[in-house]
Amino acid sequence: MQPRSLILTDLVKSYDRRTNAVDHIDLRIEAGEFVSFLGPSGSGKTTTLMMIAGFEQPTAGEIKLDGRAIEQVPPYDRNIGMVFQNYALFPHMTVRGNVGYPLRIRHMAKDVMRQRVDKALAMVGLSTFGERYPAELSGGQQQRVALARALVFEPGLILLDEPLGALDKNLREHMQVELKRIHKELGVTMIYVTHDQTEAMTMSDRIAVFNAGRIEHLGTPTEVYFKPRTRFVASFVGDSNLLEGTAGKGGVVEIPGFGPVATAATDLAPGAPALLLMRPEIFEVVADGEGASVTGNHLEVADVVNYGDSLLLIGKAGGQALRVRVPSRVAAGYEAGGRYGIRWNPANVQVVGG
Amino acid sequence: MGSSVSRLLRGPAVLYLPAALFLLVFFLVPLFNVAWMSFTEPDTGVGNYIAFFSSSFDVGVLLNTFKTAAIVTLTSLIFAYPVAYVAARYGGAFGSFLLIVVTLSFWTSFLVRTYAWMVILGVKGPITAALVMLGWSPPPQILFTTFASTFAMTHLLMPFMILTLYAVMRRIDATYMRAAAGLGAKPLKAFTSIYLPLSLPGIANGSVLVFITCLGFYVTPVLLGSPRDKMIAGRIGDEIEQMLNFGGASAMAMVLLVATLGLFALYSRFFGLDKLWK
Amino acid sequence: MYSEKTFPIKLVAGLIALFIAAPMFIVIPMSFSTAPSLEFPPPGYWLGYYQRFFTDRNWTLPLFNSIVIGLGTTVLTLALAAPAAFALVRHDFRGKALLNLVLMMPLVVPHIVMALAYYSYFGALRLVQSYTGLILAHTCLSMPVAILILTAALKTFDRNLERAAANLGSRPLTTFRLVTLPVLKPAFLVAGLFVFIHSFDETVIALFISGRDTTTLPRQMFNSFLMQADPVLSAASSVLFTAVLIAVAVPAVMRAMRRRRPTPGRA
Ligand SMILES: Nc1ncnc2c1ncn2[C@@H]1O[C@H](COP(=O)(O)OP(=O)(O)OP(=O)(O)O)[C@@H](O)[C@H]1O
Ligand SMILES: [Mg+2]
């Protein structure tokens with residue numbers, strides 16, 4: 001199928017004419033891309049998707065599919081596949097009936113139809129389930145039927161609204177891999193809504209981080225994680241320490257109580273306020289007396305959380321709340337009330353919005 | 001004009017207008033006509049109402065109707081409550097059995113069930129036979145008494161009461177009772193302090209609906225009841241069929257209608273009309 | 001541990017249920033009785049009253065009439081109630097509360113009042129003793145039941161199904177035909193069944209406005225009550241009861257069978 005490109009220009013949607021559920025969104029998605037919409041509940045992800053699919057009329061702005069404006073095109077003529085959060089399988093039709101529905105609507109010949117339904121079912125691994133009704137399938141199987149139904153008419157753009165939200169963790173991870181495989185195999189453009197950041201990180205070519213109806217950051221997973229544009233993005237994606245300070249000379253930022261922190265930034269105006277992002281995993285804990293704590297910072301640990309593969313030390317350093325993540329070691333022996341030297345590589349310190 | 005019509009046709013009006021107009025023409029207008037007749041047949045004025053309220057016989061019928069409705073409501077509530085309670089609280093096969101019996105009975109025509117009581121309470125029926133065997137001679141007249149019609153109405157409306165109670169009780173969380181027991185309440189105490197108050201909406205729903213149905217009951221009192229202790233619906237029927245007194249019948253119908261709607265309005269003020277059926 | 005003696009209350013509930021079911025234990029044996037009048041226990045058994053019920057024109061005509069009127073009422077009620085239910089659930093409009101009130105009102109107006117109303121109103125319109133009059137009257141009285149069942153079903157209907165259908169390429173009418181209607185089919189069937197039974201059982205209005213050629217079964221039964229002794233009544237009652245039994249039991253059995261339907265994949 002031919003992958004399709006999508007351009008959203010200054011898109012606005014207001015349900016109540018006072019607040020904007022979607023607030024001036026600009027987005028350009030290339031043909032064949034896998035883009036995630038990541039954001040908290042109520043941030044406008046579904047609303048955006050509904051406008052793309054044609055179920056909601058934009059209050060203002062433009063939606064272009066393959067360069068053609070489609071606001072006036074009714075949903076049934078848009079040829080966009082969609083997987084609904086609750087799957088929306090037709091309960092009175094078998095799996096074959098569901099998957100064959102779009103082909104039947106398009107008056108396809110019986111044998112072509114059978115072939116394509118078979119192919120779609122094989123793709124999602126449900127070849128032997130064709131005669132079952134949706135109520136006779138598990139959640140994961142229903143999800144795959146919904147996916148097959150969205151693929152079978154070769155739409156070129158597929159929208160997925162939290163498709164894995166209802167599945168347990170193992171099944172979810174399995175389906176993430178499956179989805180990526182299908183994306184690669186078919187080369188279609190996919191827009192994937194989620195509020196699970198790990199999911200967005202592992203699957204996407206690019207992530208659009210939504211907050212209060214706006215896209216706060218659009219970028220690759222690496223960019224969003226390591227170079228967040230805004231404070232919101234920095235705190236929403238991943239675990240973070242955000243430290244406020246004042247820029248000095250040569251990329252150094254003075255954090256009250258904590259001391260000067262060197263950064264890789266080159267364009268900081270001296271005297272301007274600056275927000276630093278230090279991910280918990282950039283720190284190293286060093287034994288006192290090793291003298292390695294170049295900055296002389298110490299972490300006073302108030303709490304230790306064991307994640308199994310890592311430990312999270314929660315405490316304060318120089319009066320600033322700090323979270324430090326260290327690999328689990330049998331012999332580490334960190335405990336609440338302890339005081340440990342910490343160090344980090346300045347290259348890993350990010351200036352938010354820089 | 002033309003444009004407003006076409007706008008109307010594109011909105012929901014085209015969906016609801018047929019039903020609305022139908023009920024206007026075939027329900028509201030006939031009903032209004034009854035109100036009209038009560039003030040105009042045979043003479044204009046409130047004569048029919050004065051005649052009704054100054055006839056000690058008719059006032060007696062009205063009072064008897066309310067009294068019977070109250071007795072039926074109370075009795076059927078007392079008998080319905082344990083059945084609904086067991087079905088809702090303990091469920092299982094026994095609960096399903098109870099519900100099936102009740103549902104079957106609910107859907108069986110009033111006439112059929114009234115007929116059954118006519119047989120059971122009749123002169124050649126099992127009750128009379130049993131009384132004779134116990135040496136009660138001559139056996140008492142049971143059929144065509146106020147007792148017979150009240151008894152049968154209670155039986156007829158009990159399934160309705162049970163299903164209404166059950167609809168509310170089904171949603172009472174069993175954990176409340178367990179929590180109460182966990183806090184040291186004896187079963188009876190837990191019931192009176194937790195379950196009974198929570199089932200009150202069901203009691204209110206069922207009682208009001210049964211009471212209202214009973215006020216307008218026609219078939220059973222006419223067939224099984226005493227000709228001396230009439231209820232108002234039967235009285236209206238007589239007035240139409242035997243007297244052809246439409247004015248008088250209309251006035252009585254209006255009294256019955258106002259009582260029914262008034263009760264219902266009062267009730268839905270407190271409980272909400274739409275909560276009734278959910 | 002929490003425990004409570006449940007036996008006594010279950011016994012009470014069981015006895016009351018027996019009392020509720022009791023009449024049918026009388027009526028059904030009665031219908032096979034040879035006694036010419038109401039007598040229990042029956043002196044002997046035969047099928048004569050069933051034969052009379054299904055061959056005597058005094059009974060077959062009312063039965064036929066009731067079926068015709070019931071079917072007419074069902075069709076007309078659903079035709080009016082279904083669109084109204086869609087309007088009530090899916091649209092907001094001025095006068096919605098009033099409409100709701102009017103649609104529910106037939107539920108609480110006593111039948112004797114409506115009997116009087118129709119007796120005089122249909123008298124003027126020359127609709128007394130006609131199928132039309134009875135169907136119109138029964139349709140009004142059945143409207144609330146149909147509206148309640150249909151709106152309840154529509155409220156739980158997942159709008160995403162319609163969206164999905166549109167998304168897959170079907171136009172609104174096709175979506176309605178292939179998705180909305182089939183998904184709501186059980187609700188329509190239930191509503192239709194309730195309306196039919198409602199009309200079929202309705203006695204009071206039929207007593208006043210049916211007659212001669214349009215006499216309904218309940219009216220015929222009522223009249224033979226007044227004459228006291230027609231034992232065909234017991235056969236008629238048993239037939240009606242059996243019909244209800246089937247109506248209640250068949251959907252339950254069908255549901256049970258559907259759940260057990262074997263659904264092997266085509267390996
Ligand atoms: N049909 C509607 N009518 C009115 N307001 C709506 C409607 N749908 C959504 N909203 C509002 O628009 C805002 C954005 O909602 P939206 O469903 O797009 O959020 P979301 O990002 O998909 O959230 P979630 O992660 O919870 O699904 C919310 O404030 C919501 O309350
Ligand atoms: Mg959403």
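Place the peptides C:127-136, A:113-122 in order of packing, highest mean first, counting for every residue the other Cβ atoms within 10 Å and averaging per peptide.
So the peptides C:127-136, A:113-122, ranked by packing, come out C:127-136, A:113-122.
Just reorder A:K169, A:K13 by solvent-accessible area, largest first, 1.4 Å probe, all chains present. Mind showing how you got there, number by number?
Working: A:K169 140, A:K13 20 Å².
Descending accessible area places them as A:K169, A:K13.
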task: Using DSSP, restrict attention to beta bridges with both residues in the protein assembly as shown and report what percent are antiparallel, rounded to the nearest 5.
output: 75
- prompt: Chains B and C: what accessible area do they bury, summed, in square angstrom to the nearest 100, with a 1.4 Å probe?
  reply: 7300
message: Mean Kyte-Doolittle hydropathy of -0.5 or higher plus an axial Cα length of 18 Å or more: which whole DSSP H helices in chain B meet both?
response: B:56-90, B:92-107, B:146-169, B:196-215, B:246-271
The protein assembly as shown: calculated mean residue ellipticity at 222 nm from DSSP helix runs of at least 4, using -39500 (n - 2.57): -17500 deg cm²/dmol
- line: With +1 at each Lys and Arg Cβ and -1 at each Asp and Glu Cβ, the charge dipole magnitude of chain A around its Cα centre, to the nearest 20 debye, comes out at 880
field: Simple label model, 7 Å out from Cα along Cβ direction - C:N100 to A:D239, nm
entry: 5.1
- prompt: Given labels modelled 7 Å from the Cα in the Cβ direction, how far is it in nm from B:L244 to B:A70?
  reply: 4.0
Global form of the protein assembly as shown, assessed from the alpha-carbon gyration tensor, a/c cut-off 1.5: prolate
- request: Pick out, from B:P18, A:Q143, C:M227, the residue whose Cα sits farthest towards the positive end of the charge dipole of the protein assembly as shown, with +1 on the Cβ of Lys and Arg and -1 on the Cβ of Asp and Glu.
  value: C:M227
message: Tell me the accessible surface of C:I246 in square angstrom (1.4 angstrom probe, heavy atoms of protein chains only), to the nearest ten.
response: 90
- line: Rounded to one decimal in nm, the spacing of the 7 Å Cα→Cβ label points at B:L200 and C:V89 is 3.3
message: Can you find, among C:I205, C:T74, C:M114, the residue sitting farthest towards the positive end of the charge dipole of chain C, where Lys and Arg contribute +1 and Asp and Glu -1 at Cβ?
response: C:T74
Furthest towards positive pole of dipole, B:S54, A:A122, A:F210, structure part the protein assembly as shown, Cβ charges: A:A122
task: Could you state the angle between the C-alpha long axis of helix A:139-151 and the longest principal axis of the C-alpha atoms of chain A, as a value from 0 to 90 degrees rounded to the nearest 10?
output: 70
query: Taking the Cβ-Cβ separation of B:V29 and C:I67 as r and a Förster radius of 22 Å, what is the calculated FRET efficiency to the nearest 0.05?
result: 0.15
- request: Would you grab the residues whose amide H sits under 5 Å from the one on A:S310? Only those 5+ places off in sequence or on another chain, please, with H modelled 1.01 Å from N.
  value: A:S328
field: Pairwise centroid distance, computed over Cα atoms, of the range A:1-75 with the range B:50-129, Å
entry: 62
query: Which entries in A:K119/A:K180; A:K13/A:K64; B:K186/C:K5; A:K13/A:K184; C:K155/C:K185; B:K189/C:K5 show an alpha-carbon gap greater than 21 Å?
result: A:K13/A:K184
query: For A:L171 and A:Y334 in one chain, what is 0.36 nm times their gap in residues minus the Cα-Cα distance, to one decimal in nm?
result: 55.2 nm
message: With the cut-off at 1.5 for a/c, could you classify the range B:56-277 from its C-alpha gyration tensor as rounded, prolate or oblate?
response: oblate
query: Distance from the Cα centre of the range B:150-167 to that of the range C:8-31, in angstrom?
result: 14
query: Helix hunt in chain C: which complete DSSP H runs extend at least 30 Å axially by C-alpha with mean Kyte-Doolittle at least 1.0?
result: C:7-31, C:57-90, C:131-156, C:232-260
- request: If a/c stays under 1.5 just call it rounded; otherwise compare a/b with b/c (prolate if a/b is bigger, oblate if not). Do that for chain C, with a ≥ b ≥ c from the square roots of the Cα gyration tensor eigenvalues.
  value: oblate
27 Å Cα-Cα reach of A:K249 towards lysines, excluding residues that sit fewer than 8 places from it in its own chain: A:K227, A:K316
task: Using only atoms on other chains, find how many Cβ atoms lie within 10 Å of each Cβ of peptide A:147-153 and report the average.
output: 1
message: Can you return the lysines within cross-link range of B:K230? Criterion is Cα-Cα under 21 Å, with same-chain partners fewer than 8 residues away left out.
response: B:K67
query: For the range C:75-190, what % of the accessible area comes from carbon and sulfur atoms, probe 1.4 Å?
result: 64
- request: Mind jotting down the distance between the C-alpha centroids of the range C:152-217 and the range A:258-278, whole Å?
  value: 69
field: Number of partner chain Cβ atoms within 10 Å, mean per residue of B:27-36
entry: 6
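For the protein assembly as shown, what is the accessible area per residue in Å² when the probe is 1.4 Å? Write out the running numbers ahead of the final one.
Details: 40850 Å² over 899 residues.
Result: 45 Å² of accessible area for each residue.
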task: Enumerate the aspartates and glutamates that B:K124 could reach by cross-link, defined here as Cα to Cα under 13 Å, with residues fewer than 8 away along the same chain left out.
output: C:E39
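What does the charge dipole of chain B about its Cα centre add up to, to the nearest 20 debye, if the Cβ of each Lys and Arg holds +1 and the Cβ of each Asp and Glu holds -1?
It works out to roughly 1220 debye.
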message: Only bridges whose two residues both fall in the range A:6-233 count here: according to DSSP, what percent of them are antiparallel, nearest 5?
response: 50
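The values are calculated or read from the model by the stated rules, or taken from the named source; none is laboratory data. Bear in mind that the values here come from a model prediction, so they are computed numbers and not experimental data. Neighbour counts are summed over all protein chains in view; Cβ atoms, including those assigned to glycine, are modelled from backbone coordinates with ideal geometry. The protein model used for the area step is the full one, side chains on, heavy atoms only, and it has no ligands, DNA or RNA in it. Shrake-Rupley method; radii C 1.70, N 1.55, O 1.52, S 1.80 Å.
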